[in-house]
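Heads up, the thing below is written out as structure tokens.
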Amino acid sequence: MSPRFLAISGAVTAVILLAGCSPTQATQDGDPANQAASTNQDVDLLNVSYDVSRDFYREYNTLFSTAYKAKYPGSKVAVNQSHGGSSKQALSVANGLQADVVTFNQNTDMNLLVEKGLVASDWQQALPNNAVPYTSTMVLLVRTGNPKNIQDWQDLARTGVEVVMPNPKTSGTARYAFLGAYGYGLHHFKESMSMKEPLPTQTNAYIKDLLANVVTYDNGARAATTSFTQRMLGDVLITTENEAHLAVKEFAKGRVEIVYPSYSIAINNPVAVVKTVADKNGSTDAANAYLKGLWDKPAQQLMAQMYLRPSDKEVLAANKNTLPNIDTFEPVAVFGSWEQIMDTIFVDGGLYDRLARRQ
């Protein structure tokens, strides 16, 4: 057990023990009878999440279980994980995978479960910051020494540069990769997606060249990391900031380095209780406590240590050495709502398919 785990575990236990004083408690925990039951039973939770969150939740799950046991000595909670491409995971839950909570990286994946009646329609109001405990962004991971001299997004479209990224059809991270590159193009060429403006021809040409350089489309972000760091495919991996740092520190230590683009995309990571499943399982109170604990200071600090950008501004500022200030854009501000993004860009035959088509 690491010193970091011991320090955070003690702190998160103290914080969660005081969680009964939270002003949002009454709206989250259900009726008193259900609350009383949760103190005298063992609970299993399933967190269905996106691909590159597994390392954070592996540590957070242990912290939460320890704290829950301390608060309810007559009970214990075990948290299981399921990880994959965000949209693929959402579809699995919609088709019957019994998730108590979902932790995704795209609102449309959550909206699918709202449409299915699995997640409450007001899920964004159930937790702080529109139910987004942390954010991330897209960066570029290159070989040590940066032999292809990749400095920014436009270098990924150069002849002779091989790119690795996940598949936007199955991976939310891959959609952010595409939108990050495309948003950079609009910004760089001073073009717009507006129907009132001329078509972004320079951006489209640049993205077409970039996609022509892609040597593999993996189903999820972690699989793409494996292709780049273990199978040694490509010169550059488009991935999330936290995944890139983990590759530098653990997966491919000494063999890769991070390039921060000059302009990139903001990634929100929403969470919610799958109410129909949790109610059926009798796990609603534990599921609510599990998600609410993500906003406690120790959990926010754990996020920063795992290279995720915590929503707590004080914690984020305290970790600016590893999470530097970057110029980012919100996808909905550039491309419209996520529904519009999915219907025009990632739908079959949409903009992504047209630009990715090899001649």
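The criterion of being free of Cβ contacts under 8 Å to residues at least 12 places away in the same chain and either under 22 Å from ASP51 (Cβ atoms) or touching a Gly at 6+ places or on another chain (Cβ under 6 Å) (or both) holds for MET232. Taking the numbered list (1) among the hydroxyl-bearing types (Ser, Thr, Tyr); (2) open to solvent by 20 Å² or more (accessible area, probe 1.4 Å); (3) in a helix (DSSP H, G or I) in turn, TYR352 passes all entries but (2). Checked against (1) in contact with a helix residue (DSSP H, G or I) (Cβ under 8 Å, 6 or more places away or on another chain); (2) at pLDDT below 50, THR27 meets all criteria but (1).
Somewhere in the range 115-123, is a residue out of contact with any helix residue (DSSP H, G or I) (no Cβ under 9 Å at 6 or more places or on another chain), of a type in the set (Ser, Thr, Tyr) and open to solvent by 40 Å² or more (accessible area, probe 1.4 Å)?
No, every residue in the range 115-123 fails to be out of contact with any helix residue (DSSP H, G or I) (no Cβ under 9 Å at 6 or more places or on another chain), of a type in the set (Ser, Thr, Tyr) and open to solvent by 40 Å² or more (accessible area, probe 1.4 Å).
GLN124 falls short of the stated requirement of being assigned to a helix (DSSP H, G or I), touching a residue at least 40 places away in the same chain (Cβ under 8 Å) and more than 30 Å from VAL277 (Cα to Cα). Of all residues in the range 278-315, exactly one satisfies the criterion of being without any contact (Cβ under 8 Å) to a residue 40 or more places away in the chain, within 20 Å of LYS249 (Cβ to Cβ) and over 16 Å from the mean Cα position of the chain (by Cα), namely VAL315.
For the range 255-287, how many residues are open to solvent by less than 60 Å² (accessible area, probe 1.4 Å), outside any helix (DSSP H, G or I) and either more than 24 Å from SER65 (Cβ to Cβ) or among the hydrophobic types (A, V, I, L, M, F, W, C) (or both)? So that I can check it myself, show each step before the final result.
We begin by selecting, within the range 255-287, every residue open to solvent by less than 60 Å² (accessible area, probe 1.4 Å); these are 256, 258-259, 261, 263-274, 277-278, 282-287.
From what is left, the residues that are outside any helix (DSSP H, G or I) are 256, 258-259, 261, 263-274, 282-283.
This time we only want the ones that are either more than 24 Å from SER65 (Cβ to Cβ) or among the hydrophobic types (A, V, I, L, M, F, W, C) (or both), so: 256, 258-259, 261, 263-268, 271-274.
Count: 14.
What is the number of the single condition among (1) hydroxyl-bearing (Ser, Thr, Tyr); (2) within 16 Å of the chain's Cα centre (by Cα); (3) open to solvent by less than 20 Å² (accessible area, probe 1.4 Å) that SER82 does not meet? Of everything listed in (1) hydroxyl-bearing (Ser, Thr, Tyr); (2) within 16 Å of the chain's Cα centre (by Cα); (3) open to solvent by less than 20 Å² (accessible area, probe 1.4 Å), SER82 misses just condition (3).
The rows are residues; the columns are (1) open to solvent by less than 80 Å² (accessible area, probe 1.4 Å); (2) closer than 17 Å to LEU140 by Cβ; (3) of a type in the set (A, V, I, L, M, F, W, C); (4) modelled with pLDDT of 95 or more.
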| residue | (1), (2), (3), (4) |
| --- | --- |
| TYR184 | yes, yes, no, yes |
| PHE189 | yes, no, yes, yes |
| MET193 | yes, no, yes, no |
| PRO198 | no, no, no, no |
| ALA205 | yes, no, yes, yes |
| ALA212 | yes, no, yes, yes |
| ASN219 | no, no, no, no |
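In the range 226-239, is there at least one residue being over 25 Å from ASN80 (Cα atoms), surrounded by fewer than 24 Cβ atoms within 10 Å (Cβ to Cβ), of a type in the set (Val, Ile, Thr) and in contact with a Phe, Trp or Tyr (Cβ under 7 Å, 6 or more places away or on another chain)? Yes: the range 226-239 contains one or more residues that are over 25 Å from ASN80 (Cα atoms), surrounded by fewer than 24 Cβ atoms within 10 Å (Cβ to Cβ), of a type in the set (Val, Ile, Thr) and in contact with a Phe, Trp or Tyr (Cβ under 7 Å, 6 or more places away or on another chain). If you take the residues of the range 85-105 that are assigned to a helix (DSSP H, G or I) and buried (at least 18 other Cβ atoms within 10 Å of the Cβ), which of them is modelled with the lowest pLDDT? Ranking the qualifying residues of the range 85-105, first place goes to SER86. Just one of the listed residues (THR137, THR108) is outside any helix (DSSP H, G or I), β-branched (Val, Ile, Thr) and surrounded by fewer than 23 Cβ atoms within 10 Å (Cβ to Cβ), and it is THR137.
The values are calculated or read from the model by the stated rules, or taken from the named source; none is laboratory data. In this text the structure is predicted, and so the values were computed from the model without any measurement. Cβ sites come from the backbone with ideal geometry, for glycine too, and all protein chains shown count toward neighbours. What goes into the accessible areas is simple: the full protein's heavy atoms, side chains included, and nothing from ligands, DNA or RNA. Shrake-Rupley method; radii C 1.70, N 1.55, O 1.52, S 1.80 Å.
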